[in-house]
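Here's the structure, in C-alpha cells; my notes come after.
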Amino acid sequence: RKPVSLPRLMDMHQRGEKIVMLTAYDATFAAVADHAGVDCILVGDSLGMVCQGRHSTVGVSLEHMRYHTECVARGLRRVQGTTWIVADLPFGSYQQSKEQALASAVTLMEAGAHMVKLEGGGWTAPVVQFLTERGIPVCAHLGLTPQTVHALGGFRVQGRDAQTAQALRSHAHALADAGARLMVLEMVPAALAATLTQELPDCATIGIGAGAATAGQVLVLHDMLGMNLGKMPRFVHNFMAGQDSIAGAMRAYVQAVKQGQFPVDAEHAWA
Ligand code: KIV
Ligand code: NA
C-alpha cells in the first residue's frame, strides 16, 4: 500500500471512505496496526492513563510524547509502514503562545510525527493557522477534551444544549478555516457530528463516541482490546471478542469501520 498522505486522507473524506484511526504507543503495536490496515496511528496522550496509570492526561509531558512518538515511528520504519502518524501536543505545551506551540510541534515532527493534534476551540484557531502556515499538518479535537477535564467537570458528553452546540459548531468552522485537516469529535451528539461532517469538506471528522456519520473513527488501543483499568466507556466495542490474536482484533476493527458496522448509534453514541 502507498503511504497514507494528507491528500489521500482528504480524498477518502470526499469519496466517503471511512478513515480508521487507532492509538499506539510503541513500536510493535504500531507495526501490527499498520499491517492490519489502520490508516492513522494516534500517539495519544491517553498514554498517560493506559501506560503510566494516571487518572487523566494532565500530567503527560512533551518529553513523554516525544519518546513514544519516536518508538512508534521507529516501529513503522522497521516494517516499511505506510500509516499516517498523528501525535498529541500534551497539556501545557501549546497554551502559552504560538511560538511555544511551534517549538513543541517541531519536537514531535522531528520524532517522526506527520501531524500534531491539539485540544480546544476559540483561542486555538490562530495557533492552528500559525502551525499550518509553517508546514505542520494539524488535527483539531473538540467536544470532550480530556486535558481540560477539571474545567469541564468530568468525562461527560458535550454539546447537548443549543448554546454549547452552537459554540462547538463555530469553533469547528474556525479551526477548519485555520487549516485543520482532521478533527477529532469526542463524546458529542451524533446529529451534531453528522452536521459538522457535512459542513466541513476540507476537514475530516474523526469520531469517538460521536456516532457513525463522521468521516472516520478512533479508539484507544487498550479499550478496543477489552483492557481497561477503570470503567469501559459506552462508545467502546471489545474487538478481541471472537478473535484469537491482537492482529485479528485490529483487522476486525478496520473492517467494521470501513463497512459502517461500527459504531452503532443506538449503542455507542449519544443523542
Ligand atoms: O489521547 C487519545 O487517545 C485521544 C483520543 C481518545 C482521540 O486523544
Ligand atoms: Na489525547
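When we screen G216, G230, G209 for residues that are small (G, A, S), within 16 Å of ligand 1 (Cβ to nearest atom) and closer than 15 Å to A33 by Cβ, the only hit is G216.
Restricting segment 236-248 to residues that are touching a helix residue (DSSP H, G or I) at 6+ places or on another chain (Cβ under 8 Å) and in a loop (DSSP other than H, G, I, E, B), the residue that is farthest from V43 (Cα to Cα) is G242. Scanning segment 205-235 for residues that are out of contact with any helix residue (DSSP H, G or I) (no Cβ under 7 Å at 6 or more places or on another chain) and charged (D, E, K, R) yields a count of 2. G135 fulfils the conditions (1) in contact (Cβ under 8 Å) with a residue 40 or more places away in the chain; (2) away from ligand 1 (no atom under 15 Å from the Cβ) except for a single criterion, (1). The criterion of at least 2 residues that are at pLDDT below 95 and more than 16 Å from ligand 2 (Cβ to nearest atom) is met by none of the strands (runs of 3 or more DSSP E) wholly inside segment 1-113.
Among the residues making up segment 120-147, a single one is of a type in the set (G, A, S) and assigned to a helix (DSSP H, G or I): A125.
Go through the residues of segment 68-85 one by one and say whether even a single one is at negative phi, in contact with a Cys (Cβ under 7 Å, 6 or more places away or on another chain) and more than 14 Å from ligand 1 (Cβ to nearest atom).
Within segment 68-85, one or more residues are at negative phi, in contact with a Cys (Cβ under 7 Å, 6 or more places away or on another chain) and more than 14 Å from ligand 1 (Cβ to nearest atom).
With a requirement of 1 or more residues that are of a type outside the set (V, I, T) and closer than 26 Å to P126 by Cβ, the helices (runs of 4 or more DSSP H) lying completely within segment 148-226 that satisfy it span 149-152, 162-177, 190-199. Of all residues in segment 1-38, those that are charged (D, E, K, R) and farther than 18 Å from R77 by Cβ total 5.
So that you can scan it fast, the table gives a plain yes or no per residue for (1) surrounded by 18 or more Cβ atoms within 10 Å (Cβ to Cβ); (2) farther than 25 Å from V72 by Cα; (3) of a type in the set (D, E, K, R):
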residue: M183; (1), (2), (3): yes, no, no
residue: I206; (1), (2), (3): yes, no, no
residue: Q217; (1), (2), (3): yes, no, no
residue: N238; (1), (2), (3): no, no, no
residue: A252; (1), (2), (3): yes, no, no
residue: G260; (1), (2), (3): no, yes, no
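Of the listed requirements (1) of a type in the set (G, A, S); (2) more than 20 Å from D39 (Cβ to Cβ); (3) surrounded by 24 or more Cβ atoms within 10 Å (Cβ to Cβ); (4) within 16 Å of ligand 2 (Cβ to nearest atom), A172 misses just one: (4).
The values are calculated or read from the model by the stated rules, or taken from the named source; none is laboratory data. In this text the structure is predicted, and so the values were computed from the model without any measurement. For neighbour counting, all protein chains shown are included, and Cβ atoms are generated from backbone atoms with ideal geometry for every residue, glycine included.
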